[in-house]
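What follows is a short report on a single structure.
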Amino acid sequence: MRQRQFALVVLTTVSLFILSGNGRTQVNQPKTVLTNCNVIDCTGAKLMKDMTVVIVGNTIAEIKKGRYKGPANEKNVTIIDLENGYVLPGLWNMHTHLSALLPDPNNIQVNESVTSAAIRAGLNAMDGLRHGFTALRSVGERDYLDVAWRDAFDQGFFMGPRIFASGESVSPTAGHRGDIEHGADGVAEIRKAVRTRIQKGVDLIKIMSVEMLQDELEAAIETAHSLGRHVTSHTREPDIYRAVQAGVDCIEHGYGLTDKTIKLMAEKGTFYDPTIICNLSEEYIQERENRLKKMGYAEDKEISYYRTLINYADERSPEHALHQRQALKKAVDAGVKVVLGSDSMPIGEIGILEMEQFVLSGVSEMQTLIAATRNCADLLGVLDKLGTVEEGKLADLLVVMDNPLENISNIRKVKMVFKDGVSVDLNHPRGTATFWDYYGATNLRKGYLGEAENAAGFRRGKAEPPN
Ligand SMILES: [Zn+2]
């Protein structure tokens, strides 16, 4: 009886697969042609001019020189003249905390429900996609919100970026993030913490290695690796050297990174996520803002105000900022695989600022673009599918109007974004709050639309209760 039931289930599954799976999609795959464009494929190759990129279904089917010449009366094809625009791989932001606000000037996070945080997290991710971030890595998130949004986007409930999720960081009691309810202490608890996260569906493990004893550090790495997950650590010297030696796959922040550790990272192939945006002195913040002002990117007063406020919340001494800037440049020059991560939110605007800070730190525009694309897919083990513009890869693409190799801020001139071969609607939906409206809200209950209701004299509830 049990066997027969099993056979029936298998049969049904196979039939559904044939009906709705490969069979159907192969016949009717939509074809999108991007022509009259330039390609920066981020493999390390030079800019390719006057190109055509053909997307079939969700895949980059063909990249060729010259304008598109399809067969006469070709059906089921959308041809887009990109007017000399630039096609790149979609961007990645590798250090995100979807629901976090740093700082939180309006105390939004105080006593915030999981549900409210979940909504903010999703809005942040979807806003990031409209800026060209087609993928992101979450490195510390409450209540597995990152796992839930990953699945919601993967299942097509909403259009959002691909998420590689860590859940909450693994930290010893009294370590960084010591406010989390349950620190993990000793080898057994560390192993349990890692395995629990994997059971909940995470893609990677984020640890706070500074406060871990050697056996705890090794246990975290061994357990995660045994289950096929990479380990990334929030750390500072002298712990960075120890963590790299022990075998972590990526270093977050890397405060005080030394030449000796850079050498070891290059030898061992350890990735580096410098989050340079949260290692700025006042001078560097001003330098950046002045640069943006000259280019006309300071006209939105709300964005300029809040992005500066966010950077000042993480303001560092001039000595520290200079050290981190130099360490980033040295790491790139030494051949360390560097990735791009913003730490502060939102994913979009602060992610773009991180790219601009790379260039201000002396990293070339090409190396910056590779750090924001190819290297990220490499760290996550999906370089065969994503991270560059190459035939056979998934069509996660960013199209910008001007050349980001000439000025990295041209990455702000988004023309189109493709996620899995589908063109993303770049318009912020009318009548909905932006991330910044939400950020500036002094009272979430009233919020953005709530204030409009008040202004219109709209009142909720019945009349005042009788005295
Ligand atoms: Zn962080």
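The values are calculated or read from the model by the stated rules, or taken from the named source; none is laboratory data. Source: prediction; values computed, not measured. Because the Cβ atoms are built from the backbone with ideal geometry, glycine has one as well, and the counts that use them run over all protein chains shown. Ligands, DNA and RNA are excluded from the accessible area calculation, which covers all protein heavy atoms including side chains. Shrake-Rupley method; radii C 1.70, N 1.55, O 1.52, S 1.80 Å.
Kirkwood hydrodynamic radius (Cα pairs, Å) of region 80-200?
Working: mean 1/r = 0.0627 Å⁻¹.
Hydrodynamic radius (Kirkwood, Cα only) of region 80-200 equals 15.9 Å.
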Q: Starting from the Cα of Thr78, step 7 Å along the direction of its Cβ; do the same at Ala334; then give the gap between the two resulting points in nm.
A: 4.6
Q. Fully extended, how many nm does the chain gain between Asn427 and Leu227 (0.36 nm per residue separation, minus their Cα-Cα distance)?
A. 67.9 nm
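Using the alpha carbon gyration tensor of region 138-239, what are the three equivalent-ellipsoid semi-axes (square root of 5 times each eigenvalue), largest first, in whole Å? Numbers along the way, then the final one.
Values: eigenvalues 125, 35, 28 Å².
Ellipsoid half-lengths, sorted descending, are 25, 13, 12 Å.
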Q | Approximate spin-label separation Asp437-Ala266, in nm, with each point projected 7 Å along Cα-to-Cβ | A | 5.0
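Please work out how much length the chain gains when fully extended from Asn290 to Gln199, using 0.36 nm per residue of separation minus the C-alpha to C-alpha distance, in nm with one decimal. Intermediate results must be reported in sequence, preceding the final value.
Working: separation 91, 0.36 × 91 = 32.76 nm, distance 4.74 nm.
Contour length minus Cα-Cα distance gives 28.0 nm.
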Q. Relative to the present Cα-Cα distance, how much length would full extension add between Ala313 and Glu299 at 0.36 nm per residue of separation?
A. 2.8 nm
(Q) Between Glu283 and Lys46, how high is the FRET efficiency from 1/(1 + (r/R0)^6) when r is the Cβ-Cβ distance and R₀ = 25 Å? Nearest 0.05. (A) 0.10
(Q) How charged is the neighbourhood of Met51? Take every other residue with its Cβ under 10 Å from the Cβ of Met51, and add Lys/Arg as +1 and Asp/Glu as -1. (A) +2
Q) Among 281-290, 416-425, what's the highest-first ranking by average C-beta atoms within 10 angstrom per residue? A) 416-425, 281-290
Q. Considering only protein heavy atoms, what per residue accessible area in square angstrom results for region 260-368 with a 1.4 angstrom probe?
A. 38
Q.
List the residue ranges in the chain for DSSP H helices whose C-alpha atoms run 15 angstrom or more along the long axis and whose Kyte-Doolittle average is 0.5 or above.
A. 2-20, 347-360
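Rounded to the nearest 0.05, what FRET efficiency do Asn407 and Ala455 have when you use their Cβ-Cβ distance and R0 = 35 Å? Please report the intermediate quantities before stating the final value.
Numbers: r = 41 Å, r/R0 = 1.17.
For Asn407 and Ala455, the calculated efficiency is 0.30.
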Q: Compute the Cα gyration tensor for the chain, then decide on rounded, prolate or oblate, letting a ≥ b ≥ c be the square roots of its eigenvalues: rounded whenever a/c is under 1.5, prolate when a/b is larger than b/c in the other cases, and oblate in all that remain.
A: rounded
Q: Please name whichever of Met94, His131, Gln109 sits farthest to the positive end of the charge dipole of region 94-152, dipole taken about the Cα centre and charges placed at Cβ: Lys and Arg +1, Asp and Glu -1.
A: His131
Q. At a probe radius of 1.4 Å, what is the per-residue accessible area of Met366, in Å² to the nearest 10?
A. 40
Q. In what order, largest first, do Lys31, Lys260 sit by accessible area if the probe radius is 1.4 Å?
A. Lys260, Lys31
Q | Computed [θ] at 222 nm, deg cm²/dmol, the chain (DSSP H ≥ 4; -39,500 (n - 2.57); rounded to nearest 500) | A | -11500 deg cm²/dmol
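When DSSP beta bridges are limited to those with both residues in the chain, what percentage is antiparallel, rounded to the nearest 5?
Details: 24 of 54 bridges.
DSSP beta bridges in the chain are roughly 45 percent antiparallel.
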Q. Using alpha carbon coordinates only, what is the Rg to Rh ratio of region 39-89, with Rh defined as the Kirkwood radius?
A. 0.97
Q. What FRET efficiency would be calculated for the residue pair Asn106, Thr258, taking the C-beta separation as r and a Förster radius of 35 Å, to the nearest 0.05?
A. 0.35
Q: Take Arg430, Arg197 and sort them by solvent-accessible surface of the protein heavy atoms, 1.4 Å probe, largest at the top.
A: Arg430, Arg197
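In the chain, what percent of the accessible surface is made up of carbon and sulfur (1.4 Å probe, ligands and nucleic acids excluded)?
Numbers: 11560 of 21930 Å².
Heavy-atom surface of the chain belonging to carbon and sulfur, 1.4 Å probe: 53 percent.
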Q: At 1.4 Å probe size, with no ligands or nucleic acids counted, give the accessible surface of Lys263 in Å², nearest ten.
A: 130
Q. Taking a probe of 1.4 Å, how large is the accessible area per residue of region 134-209, in Å²?
A. 42
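Highest first, please rank the peptides 39-52, 350-363 by the mean number of other Cβ atoms sitting within 10 Å of their residues. It would help to have the intermediate numbers written out before the result.
Details: 39-52: 17.2, 350-363: 23.4.
Result, highest mean Cβ count within 10 Å first: 350-363, 39-52.
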(Q) Regarding region 161-308, what's the average projected area of the Cα-atom convex hull, expressed in nm²? (A) 11.2
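Taking a 1.4 Å probe, which of Trp92, Trp149 shows the most accessible area, and what order do the others take after it? Can you show the working numbers first?
Values: Trp92 5, Trp149 35 Å².
Final ranking, largest accessible area leading: Trp149, Trp92.
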